[in-house]
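Q: After the structure tokens below, expect a handful of questions from me.
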Amino acid sequence: MVAGAGIVAGGFAVTTGSGFASQTAAQADAPHATAVAQGTVERTLRASVVSGVQIYACTQQADGTFAFTQRGVRATLQGGIKHSFVNPDSGPPQWIARDGSAVTGKVVSKTPHGPGNIPELELTATQSGKSTGKLAEVVKIRRVNTRGGVAPAGACDPAKTPTAEVPYGADYEFISVCRRTSPPTPPARP
């Protein structure tokens, strides 16, 4: 749903109002655009996790005990976008589209999203794949509506359970800021 006056052309919703309200699952994989500055358009591609796990390793802590710490992620998002870490244990997170466009992310902020859920994130994006395609112009990523994925609590034994994979769900918003090629057509007046 688009708030404010707007038009839909070429698969993008261009708004002149306050932005977007919540999207339904049917809208999740469709790109949307909103005017952000003179001569630019912000596009948002939203893709939900179809299947995903947060991966934790049983590691020794500074105090000598063992606990689960983040090792990676493995997920498939709508539209066939694959999500993982570039390097296990050290990241950074990456998203790769079927068309070969890809981005890596760096966390800017974390927001708690209730007990038992991994935090919501805002990340800056750096291009790492093809210069054209679904993710080619992405500059920011948001992980929202998180469900599950929290590391198992308490101590662990690396000999018995070296890793744990915890299912999770989330919506990812891939935000691109692009130069507008032509001005939007104003909506027809009654």
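The values are calculated or read from the model by the stated rules, or taken from the named source; none is laboratory data. The shown structure was predicted, so the numbers you read here are calculated from the model rather than taken from an experiment. A quick note on method: Cβ atoms are made from the backbone with ideal geometry, for glycine too, and the neighbour counts reach across all protein chains shown. Heavy atoms of the whole protein, side chains included, go into the accessibility calculation; ligands, DNA and RNA do not. Shrake-Rupley method; radii C 1.70, N 1.55, O 1.52, S 1.80 Å.
Q: What is the percent carbon and sulfur in the accessible area of the stretch 34-105, measuring with a 1.4 Å probe over the protein chains and ignoring ligands?
A: 51 percent
Q: So what's the net charge close to residue 150: Lys and Arg +1, Asp and Glu -1, counting the other residues with Cβ under 15 Å from its Cβ?
A: +2
Q: With a Förster radius of 30 Å, plug the Cβ-Cβ distance of residue 164 and residue 127 into 1/(1 + (r/R0)^6) and report the FRET value to the nearest 0.05.
A: My answer for the efficiency is 0.40.
Q: Give the accessible surface of the stretch 48-169 per residue, rounded to a whole number of Å², with probe radius 1.4 Å and ligands, DNA and RNA excluded.
A: Ligands and nucleic acids excluded, the figure is 52 Å² per residue.
Q: For residue 139 and residue 109, what is the calculated FRET efficiency with R₀ set at 22 Å and r taken between the beta-carbons, to the nearest 0.05?
A: Step by step, r from the Cβ atoms, then E = 0.90.
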